[in-house]
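Peer 1: First the structure, which I've put down as structure tokens, then a few questions once you've had a look.
The values are calculated or read from the model by the stated rules, or taken from the named source; none is laboratory data. Please read these numbers as outputs of a predicted model, since none were measured by experiment. Neighbour counts are summed over all protein chains in view; Cβ atoms, including those assigned to glycine, are modelled from backbone coordinates with ideal geometry. Surface areas here come from the heavy atoms of the whole protein model, side chains and all, with no ligands, DNA or RNA. Shrake-Rupley method; radii C 1.70, N 1.55, O 1.52, S 1.80 Å.
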Amino acid sequence: MEEATGLRERKKAATRLALHEAALRLAAEQGPDRVTVEAIADAANVSRRTFSNYFSSKEEALFHGDTMRLRRLLELIAEQPADLTPWAALSRAALRQADEMYGETAESWLARRRRLHGNPGLVAHQVAAYTAIERELAGEIGRRLTGPDAALRARILAATFLATLRVAVQQWIEAPDQPLTGTLRTALAHATPAAG
């Protein structure tokens, strides 16, 4: 039974990824405003109904990769040594993720993101992807903090960190004169809180 469940989950993950990649490709080719759910489903060789089983909108399909990257970031943060300051743990995790995810595929990812960058219809969905993960991130940071106002400090650090990531990526998309890790390292250094 476990093997059947594992196969089913892998098939679901493959379908979700196919829909996400079809959405990105079509949005890069045609512009996000012209892409329809039907076109995404057709490009992924699934029905409209199947699309709806995985995503509630084309925007959710487009930002699935961002959601997965943020989930992976949470895993990397949880793996950081407990003796690091929260900001050091966050920074290490972000830089590791940048190396893992953007090292070899940065050019194709960059080209697609440039096409989507600044589209007013998508900004709200990108912010929503970050906001959805902010509370979980604050919880992870909170485990590293003690003292008065730890919960508030954790939320402020989470919001600051995610804003720093978003700004660093946007800066890199607009001016990729160095690897993403360089831009990210600089942005994280500028945003380092006084309390660490």
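Peer 1: Run down ALA82, ALA93, ALA132, ALA124 and say which single residue is at pLDDT 95 or above and not aromatic (Phe, Trp, Tyr).
Peer 2: Numbers: ALA82 fails: at pLDDT 95 or above; ALA132 fails: at pLDDT 95 or above; ALA124 fails: at pLDDT 95 or above.
Exactly one residue qualifies, and that residue is ALA93.
Peer 1: Taking the options ASP42, ASP66, ASP83, name whichever one is farther than 22 Å from GLY139 by Cα and charged (D, E, K, R).
Peer 2: Numbers: ASP66 fails: farther than 22 Å from GLY139 by Cα; ASP83 fails: farther than 22 Å from GLY139 by Cα.
Exactly one of ASP42, ASP66, ASP83 is farther than 22 Å from GLY139 by Cα and charged (D, E, K, R), namely ASP42.
Peer 1: Take residues that are basic (Lys, Arg) and farther than 21 Å from GLU134 by Cα and tell me which of the helices (runs of 4 or more DSSP H) falling wholly in region 1-82 contain 3 or more. Walk me through it before giving the result.
Peer 2: On the way: elements: 2-30, 37-43, 48-54, 58-62, 64-78.
Correct list: 2-30.
Peer 1: Do you know which residues across region 20-52 are open to solvent by 90 Å² or more (accessible area, probe 1.4 Å) and farther than 24 Å from VAL123 by Cα?
Peer 2: Residues of region 20-52 that are open to solvent by 90 Å² or more (accessible area, probe 1.4 Å), as a first pass: 21, 25, 29, 33-34, 38, 42, 45, 48-49.
Of everything in region 20-52, those that are open to solvent by 90 Å² or more (accessible area, probe 1.4 Å) and farther than 24 Å from VAL123 by Cα turn out to be ASP42, ASN45, ARG48, ARG49.
Peer 1: Give me the residue from region 124-165 that is open to solvent by 70 Å² or more (accessible area, probe 1.4 Å) and among the β-branched types (Val, Ile, Thr) and, out of that set, nearest to PRO193 (Cα to Cα).
Peer 2: It comes out as ILE156.
Peer 1: Filter region 166-196 down to residues that are out of contact with any helix residue (DSSP H, G or I) (no Cβ under 6 Å at 6 or more places or on another chain) and open to solvent by less than 20 Å² (accessible area, probe 1.4 Å), then give me how many there are.
Peer 2: Selection size over region 166-196: 1.
Peer 1: If you go through region 70-81 one residue at a time, do you hit one that is free of Cβ contacts under 8 Å to residues at least 12 places away in the same chain and over 16 Å from the mean Cα position of the chain (by Cα)? Outline the logic, then answer.
Peer 2: Within region 70-81, the first condition is being free of Cβ contacts under 8 Å to residues at least 12 places away in the same chain, and the residues that meet it are 75, 81.
After this cut, where a residue has to be over 16 Å from the mean Cα position of the chain (by Cα) as well, the list is 81.
Taking every residue of region 70-81 in turn, at least one turns out to be free of Cβ contacts under 8 Å to residues at least 12 places away in the same chain and over 16 Å from the mean Cα position of the chain (by Cα).
Peer 1: On to the next question. Could you list, in sequence order, the residues of region 170-190 that are within 20 Å of LEU70 (Cβ to Cβ) and out of contact with any Leu (no Cβ under 7 Å at 6 or more places or on another chain)? Even if it seems obvious, please write down each step before you answer.
Peer 2: From region 170-190, those within 20 Å of LEU70 (Cβ to Cβ) are 170-173, 180-181, 183-185, 187-188; that's our starting set.
GLN170, GLN171, LEU180, THR183, ALA187, LEU188 - these are the residues of region 170-190 that are within 20 Å of LEU70 (Cβ to Cβ) and out of contact with any Leu (no Cβ under 7 Å at 6 or more places or on another chain).
Peer 1: OK, next. It is to be established whether one or more residues within region 149-161 are touching a residue at least 40 places away in the same chain (Cβ under 8 Å) and of a type in the set (Asp, Glu). Reasoning before the result, please.
Peer 2: Going residue by residue through region 149-161, those that are touching a residue at least 40 places away in the same chain (Cβ under 8 Å) are 153-154, 157, 161.
The next check asks that each one be of a type in the set (Asp, Glu); those that pass are none.
No; the residues of region 149-161 include none that is touching a residue at least 40 places away in the same chain (Cβ under 8 Å) and of a type in the set (Asp, Glu).
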